[in-house]
Amino acid sequence: MKVLVAVKRVIDYNVKIRVKADNTGVETANVKMSMNPFDEIAVEEAIRMREKGLATEVIVFSAGPAQCQETIRTALAMGADRGVLVQSDAELQPLAVAKLMKAVVDKEQPGLVIVGKQAIDDDSNQTGQMLAALLGWSQGTFANKLNVVDGSAEVKREVDGGLENIKIKLPAVITTDLRLNEPRYASLPNIMKAKKKPIEMLTADALGVDIAPRLKVLKVEEPPKRKSGIKVKTVAELVDKLRNEAGVI
Amino acid sequence: MAVLVVAAHDGKTVRSNVANAVTAASQMDPDVHVLVAGNNAGEAAKSAAAIQGVTKVLDAEDAAYANWVAEDVAPLVVKLAPGYSHVVMAADSVGKNLAPRVAALLDVAQVSEAIKVVSPDTFVRPIYAGNAMATVQTADKIKVVTIRPTNFKAAAGGGSAPVEQIGGTGAGGLASYVGAELSKSERPELTSAKIVVSGGRGLASGENFKMLEALADKLGAGLGASRAAVDAGYVPNDYQVGQTGKVVAPDLYIAIGISGAIQHLAGMKDSKTIVAINKDEEAPIFQVADYGIVGDLFQIVPELTAAVEKK
């Protein structure tokens with residue numbers, strides 16, 4: 001069984017983002033970019049499946065500008081086998097990405113797709129569920145544990161009240177939550193090896209997918225700032241402030 | 001055209017955040033229908049009918065809807081959606097699982113975690129862990145929107161909307177529910193609690209969270225945690241407050257031993273009053289705190305617990 005994972009190139013989670021002065025978006029020039037952290041977990045899970053003999057090949061999908069090849073290389077250095085990049089400089093929204101992925105899934109016929117549950121830039125939490133819908137597949141979202149057995153997957157999901165166990169038919173789409181695994185670091189020899197692994201370049205046109213954005217971003221603004229507070233010296237002072245100034249206890 | 005709110009429920013009552021979703025929905029159109037899909041969910045349908053602003057409740061009964069399997073509930077919502085201008089859900093673990101599946105089947109975009117309804121087709125939503133606010137407009141005929149409950153006031157009770165029984169769409173056989181391991185707690189639910197006491201890596205062990213439980217019990221507070229505390233195994237995953245966990249906005253949020261990474265702040269910075277207790281005076285949490293105490297939490301927390309009156 002082939003496993004397809006998706007990786008997104010996003011502003012690194014440690015970077016403090018800046019809203020552009022003209023309110024059209026967020027400043028991305030000269031900003032450190034990395035693989036979306038949830039996608040690292042997806043890549044790790046797929047590699048572990050191959051190491052256990054549950055997967056035969058791990059294919060890494062990405063969509064976006066040419067620099068996404070670097071993000072795919074990172075996944076290849078972790079141990080994935082080959083990459084597919086749908087190159088586009090246009091804005092790609094979740095529905096468009098799901099459609100691009102569906103086109104690649106139709107071609108590659110993986111038995112399982114693993115994606116991060118959300119990207120830390122647009123915080124949409126949509127693509128995996130949308131892909132499952134377009135394929136008519138089952139979905140195991142917010143996975144805390146994944147166990148593939150005999151044509152189905154047992155998924156432990158992180159839900160509001162705790163954890164939920166479901167059993168889903170394969171093929172399926174899994175979206176990763178934080179506790180699924182701890183992604184490995186790529187070793188230097190593996191980084192070197194990854195340079196030789198193939199990345200196939202595709203376009204939306206060649207795949208026949210309409211990627212026109214459905215949501216129009218009218219403006220992007222700074223959030224309202226909180227007024228800075230004060231430091232108190234003692235617990236008695238804190239309790240007094242909470243009771244008599246804030247009125248919350 | 002009316003708005004369809006899809007309500008999560010436990011069979012007896014709809015979740016409290018449905019009342020927040022109804023408020024958001026009524027800002028899109030005054031005609032608000034609520035869909036309660038379940039197996040013997042008549043009581044839950046009645047609880048939805050009591051939310052003011054609801055004009056009709058649809059009670060869809062089907063054994064396949066017993067446990068909110070998205071693969072089985074989505075076809076029902078998709079079948080009903082063409083009669084509506086909007087499909088609205090609270091952005092909780094049910095809404096986040098189901099809404100994108102519905103949107104893709106309808107071939108429409110989804111607006112995730114709207115915090116403001118500007119007009120029926122325009123919404124404000126946080127991006128980059130709430131460090132930027134995007135105003136987005138959708139041209140889709142059916143608009144699928146999840147809303148962040150803490151940003152919309154809960155609609156009051158006392159309503160009496162009619163309940164209409166509708167049929168189900170059956171089980172597709174793709175997925176089945178096996179069981180759940182839910183955290184048992186007598187404390188208020190995190191996302192609707194008036195006060196939240198939250199602990200981080202500074203607690204140093206799961207055992208030490210007992211100290212926070214004592215404070216939470218005295219204040220009638222919900223108990224939360226940072227990602228670091230959950231990853232370290234001090235508390236279960238459903239305690240996590242932050243960008244990818246739960247978003248809370250209580251009257252009082254007490255952050256104890258939490259440094260305040262932007263991912264955590266994303267989940268609590270809309271709280272009315274924030275208190276930070278941390279030994280590191282440079283900790284970023286102090287930048288959003290109304291009241292901060294620099295010091296040893298193992299000394300301060302028991303002192304605070306003793307000083308506040310039992311609620």
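The values are calculated or read from the model by the stated rules, or taken from the named source; none is laboratory data. The shown structure was predicted, so the numbers you read here are calculated from the model rather than taken from an experiment. Glycine also receives a Cβ, built like all others from the backbone with ideal geometry; neighbour counts cover every protein chain displayed. Note: accessible area is taken over every heavy atom of the protein model, side chains too, but ligands, DNA and RNA are not part of it. Shrake-Rupley method; radii C 1.70, N 1.55, O 1.52, S 1.80 Å.
Take the residues in segment A:68-95 that are small (G, A, S) and over 15 Å from the mean Cα position of the chain (by Cα), then tell me which one is farthest from A:M49 (Cα to Cα).
A:A90
Any residue that is touching a residue at least 12 places away in the same chain (Cβ under 8 Å), away from chain A (no Cβ under 12 Å) and surrounded by fewer than 17 Cβ atoms within 10 Å (Cβ to Cβ) - is there at least one of those in segment B:188-202?
Among the residues of segment B:188-202, at least one is touching a residue at least 12 places away in the same chain (Cβ under 8 Å), away from chain A (no Cβ under 12 Å) and surrounded by fewer than 17 Cβ atoms within 10 Å (Cβ to Cβ), which makes the answer yes.
Where residues in segment B:76-100 are more than 30 Å from B:G260 (Cα to Cα) and open to solvent by 10 Å² or more (accessible area, probe 1.4 Å), which of them is farthest from the other protein chains (Cβ to nearest Cβ)?
Of everything passing the filter in segment B:76-100, B:G83 is farthest from the other protein chains (Cβ to nearest Cβ).
Among the residues of segment B:102-115 satisfying the criterion of being in a helix (DSSP H, G or I) and open to solvent by less than 10 Å² (accessible area, probe 1.4 Å), which is nearest to the other protein chains (Cβ to nearest Cβ)?
B:A104
Is it fair to say A:L163 is over 18 Å from B:A99 (Cβ atoms), hydrophobic (A, V, I, L, M, F, W, C) and within 7 Å of another protein chain (Cβ to nearest Cβ)?
yes
Out of curiosity, is B:I277 touching a helix residue (DSSP H, G or I) at 6+ places or on another chain (Cβ under 9 Å), under 16 Å from A:V248 (Cβ atoms) and among the β-branched types (V, I, T)?
yes
Would you tally the residues in segment B:15-48 being under 23 Å from B:E189 (Cα atoms), touching a strand residue (DSSP E or B) at 6+ places or on another chain (Cβ under 8 Å) and open to solvent by 10 Å² or more (accessible area, probe 1.4 Å)?
Selection size over segment B:15-48: 5.
As an exercise: evaluate B:A155 against (1) closer than 30 Å to A:G136 by Cα; (2) open to solvent by less than 50 Å² (accessible area, probe 1.4 Å); (3) not β-branched (V, I, T) and give the number of the one condition it does not meet.
So B:A155 meets the others, but not (1).
Within segment B:158-182, how many residues are within 10 Å of another protein chain (Cβ to nearest Cβ) and open to solvent by less than 30 Å² (accessible area, probe 1.4 Å)?
Residues flagged as within 10 Å of another protein chain (Cβ to nearest Cβ) and open to solvent by less than 30 Å² (accessible area, probe 1.4 Å) within segment B:158-182 amount to 2.
Among (1) closer than 29 Å to B:N131 by Cα; (2) more than 9 Å from chain A (Cβ to nearest Cβ); (3) hydroxyl-bearing (S, T, Y), there is one condition B:T305 misses while meeting the rest; what is its number?
Result: B:T305 fails condition (1) only.
What number of residues within segment B:214-233 satisfy the criterion of being open to solvent by 20 Å² or more (accessible area, probe 1.4 Å) and without any contact (Cβ under 8 Å) to a residue 24 or more places away in the chain?
Number satisfying all stated conditions: 1.
Among B:G292, B:G260, B:G267, which is open to solvent by less than 10 Å² (accessible area, probe 1.4 Å), facing chain A (nearest Cβ under 8 Å) and of a type outside the set (S, T, N, Q)?
Answer to the check: B:G292.
Confirm whether A:D150 is closer than 21 Å to B:E71 by Cα, modelled with pLDDT under 95 and charged (D, E, K, R).
Yes: the conditions hold for A:D150.
Which of the following residues is under 25 Å from A:T56 (Cα atoms), open to solvent by less than 20 Å² (accessible area, probe 1.4 Å) and at pLDDT 95 or above: A:G128, A:G136?
One residue alone meets the criteria, A:G128.
Matching residues to (1) crowded, with 18+ Cβ neighbours inside 10 Å; (2) over 17 Å from A:D123 (Cα atoms); (3) aliphatic (A, V, I, L, M); (4) modelled with pLDDT of 95 or more:
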{"site": "A:A29", "(1), (2), (3), (4)": "no, yes, yes, no"}
{"site": "A:R50", "(1), (2), (3), (4)": "yes, yes, no, yes"}
{"site": "A:V58", "(1), (2), (3), (4)": "yes, yes, yes, yes"}
{"site": "A:A77", "(1), (2), (3), (4)": "yes, yes, yes, yes"}
{"site": "A:V105", "(1), (2), (3), (4)": "yes, yes, yes, yes"}
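Could you count how many residues in segment B:240-256 are within 23 Å of A:L242 (Cβ to Cβ) and either open to solvent by less than 10 Å² (accessible area, probe 1.4 Å) or hydroxyl-bearing (S, T, Y) (or both)?
So the count comes out to 8.
Has segment B:102-110 got any residue that is in contact with a strand residue (DSSP E or B) (Cβ under 7 Å, 6 or more places away or on another chain) and under 30 Å from A:V15 (Cα atoms)?
yes
Scan segment A:15-31 and report the pairs whose first residue is under 18 Å from B:G130 (Cβ atoms) and whose second residue is small (G, A, S) and surrounded by 15 or more Cβ atoms within 10 Å (Cβ to Cβ), with Cβ atoms within less than 6 Å and a gap of 6+ or a chain change.
A:V19/B:A132; A:V26/B:A132
Tell me which residues, restricted to segment B:234-260, are polar (S, T, N, Q) and touching a residue at least 40 places away in the same chain (Cβ under 8 Å).
Hits for segment B:234-260 are B:Q243, B:S259.
Can we say B:V118 is at the interface with chain A (Cβ under 9 Å from one of its Cβ atoms), modelled with pLDDT of 95 or more and outside any strand (DSSP E or B)?
In short, no.
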